[in-house]
Amino acid sequence: MLTQVFETMESNVRSYSRSFPAVFRKAKGTLLYADNGDAYIDFLMGAGALNYGHNNDFIKAQLLEYMAEDYIMQGLDMFTVAKSEFITTFNDLLLKPRGLNYKFQFCGPTGTNAIEAALKLARNYTRRSNVISFMGGYHGLSQGSLALTSNQYNRQVAGVGLHNVTFLPFENNAAGFDSLAYFEMILEDSHSGIEKPAAVILETVQAEGGINVASPEWLAALKGICEKHGILFIADDIQIGCGRSGNFFSFERAGIVPDIVVLSKSLSGYGLPMAMLLFKPELDIWQPGEHNGTFRGYQLAFIGGKAALEFREQTNLDAAVKEKSAYINRFLHEEIKGDDERISIRGLGMMWGIDLSAYDDVLLAKKIAQDCFKKQLIVECVGRHDRVIKLLPPLTVEQDVLDKALTIVRDTIQQHTGKKANLQTSVA
Ligand SMILES: Cc1ncc(COP(=O)(O)O)c(C=O)c1O
């Protein structure tokens with residue numbers, strides 16, 4: 001099938017189709033099939049919306065059954081059986097066992113809409129407008145969330161001022177800057193000139209920002225500062241949540257309890273649009289309808305979301321993720337980095353980055369990703385100037401597919417750098 005219809009009729013704003021210009025028809029597990037039958041290994045996974053793989057059979061069965069019975073599909077925010085079962089299952093399988101007590105707010109079905117809701121809630125609850133965000137953070141592209149997103153490329157088209165946000169460097173930033181000491185200083189110095197914030201928002205692992213992993217100690221210290229000063233802590237778990245870190249919530253490894261948690265992407269389990277907030281009950285100062293939206297009641301997303309939680313339990317998915325994560329980590333260090341000082345490997349769970357920004361060639365990561373695509377592996381580049389190759393397999397990735405993808409990445413990097421990692425131990 002030709003790509004001409006897209007090239008002539010679709011807006012220039014399209015993005016992923018430029019890096020991966022095949023026309024896709026089918027998908028299963030980790031594989032995407034182009035219209036001509038070519039199979040691609042998908043390590044982009046709907047930018048994190050497909051943690052359980054494409055068309056997961058367990059989840060699909062419940063969706064098909066639901067549709068076959070003509071159960072309600074769109075319910076605004078009315079009471080429905082599907083929503084009730086989703087909330088109950090989420091509470092029983094995730095919140096109660098972790099001792100978490102949160103209220104649920106269903107938002108318009110995109111991550112950015114849930115971020116907007118979190119911002120409104122935090123600002124109205126604290127009666128403050130400033131929010132702390134981190135350099136390298138990505139929180140969406142609508143007006144409020146765009147103000148939190150640091151990438152200048154996205155910010156420059158806002159068309160209005162993006163105010164009421166103060167950016168701090170993330171942990172392990174290039175300048176070695178101690179953001180937490182600075183944060184404390186501006187809070188305590190009456191001459192800091194920076195308004196006390198309503199909230200701090202962050203991804204515990206910055207995804208689009210280049211796979212920057214915050215340490216548990218740093219996260220706990222940041223939470224401590226927030227508590228001391230009455231500032232809300234918002235965890236944007238839209239991409240690193242839903243099991244990708246090796247636990248359902250990415251902040252579990254730091255032993256902290258955020259005031260507000262934002263979830264979307266893989267929440268419905270099947271790539272269906274869905275987004276929600278979890279927040280501490282005392283924050284629930286909303287009046288009815290203050291953050292309305294037509295598509296807060298997409299019932300198939302509730303069905304898929306409940307099925308996904310059952311699937312996690314039945315397959316002991318967190319343990320599998322931790323095992324695969326260790327395997328990927330070892331491969332990347334031994335077979336790709338070796339003793340090459342110009343390559344940095346960062347990641348957690350099933351989100352990994354190969355940072356090539358120390359190479360002189362600013363386009364190196366992009367060229368490698370393009371060549372991977374020619375070998376039918378889909379990987380994207382993230383971070384400053386797209387110099388980090390991002391690996392985002394589904395949590396359910398099959399071992400042989402994982403090996404094949406890692407081998408393609410290794411061989412392609414070697415072709416470009418002319419350097420073989422010298423600690424080779426074959427894993428395939
Ligand atoms: C961490 C994070 N927050 C927010 C968003 C925005 O979500 P959406 O694209 O669904 O608006 C994304 C999307 O990539 C994200 O990765």
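The numbers here are math on the coordinates, done by the rules we state, and not lab data. These numbers were taken from a predicted model, which means no experiment stands behind them. Positions of Cβ are backbone-derived with ideal geometry, glycine not excepted, and every protein chain shown enters the neighbour counts.
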One quarter of the convex hull surface, Cα atoms only: what value does that give for the chain in nm²? 21.6 nm²
I'd like the distance between the alpha-carbon centres of segment 305-326 and segment 158-234, rounded to an integer number of Å. 31 Å
The chain: antiparallel bridges as % of DSSP beta bridges, rounded to 5, reads 65 percent
Extension gain GLU341-THR315, at 0.36 nm per residue separation less the Cα-Cα distance, in nm? 5.5 nm
Per residue of segment 386-400, in order, report the coupling 6.51 cos²θ - 1.76 cosθ + 1.60 (Karplus, θ = phi - 60°) as ³J(HN,Hα) in whole Hz, putting x for Gly and Pro. 6, 9, 10, 7, 9, 10, 10, x, x, 5, 9, 3, 6, 4, 5
Zero-based 10 Å bins, Cα pair distances in segment 52-118, whole percents: 16, 36, 43, 6
Loop GluC sites (Glu not before Pro), segment 321-368, which have at most 13 other Cβ atoms in a 10 Å radius of their Cβ (DSSP): GLU341
Pull up all non-local amide H partners of VAL23: gap of 5 or more, or a different chain, and H-to-H distance under 5 Å with H placed in the peptide plane. ASP35
Report the charge-dipole magnitude of the chain in Debye, nearest 20, computed about the Cα centre from +1 at each Lys and Arg Cβ and -1 at each Asp and Glu Cβ. 320 debye
Computed lengthening from ASP70 to ARG98, 0.36 nm per intervening residue step minus Cα-Cα distance: 6.5 nm
Hey, got a sec? Which GluC sites (Glu not before Pro) in segment 1-68 land in a DSSP loop and have at most 13 other Cβ atoms within 10 Å? GLU10
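Counting only C-alpha contacts under 8 Å and six or more residues apart, can you give the relative contact order of the chain as a whole percent?
The value is 22 percent.
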With a sphere of radius 15 Å drawn around the Cβ of PHE251, what net charge do the other residues whose Cβ falls strictly inside it have (Lys, Arg +1; Asp, Glu -1)? -4
Expected output is a single nm value to one decimal: the length gained when fully extending between SER190 and PHE167, i.e. 0.36 nm times separation in residues minus the C-alpha distance. What is it? 6.4 nm
Can you work out the FRET efficiency for the pair LYS419 and ASN36, with r the C-beta to C-beta distance and R0 = 35 Å, to the nearest 0.05? 0.50
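Within segment 21-83, list the chymotrypsin sites (Phe, Trp or Tyr not before Pro) lying in a DSSP loop whose Cβ has at most 13 other Cβ atoms in a 10 Å radius.
Values: sites: PHE24, TYR33, TYR40, PHE43, TYR52, PHE58, TYR66, TYR71, PHE79; in loops: PHE43, TYR52, TYR71, PHE79.
Qualifying residues, ordered by number: PHE79.
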With r defined as the distance between the Cβ atoms of LEU2 and TYR182 and R0 fixed at 35 Å, what FRET efficiency is calculated, to the nearest 0.05? 0.05
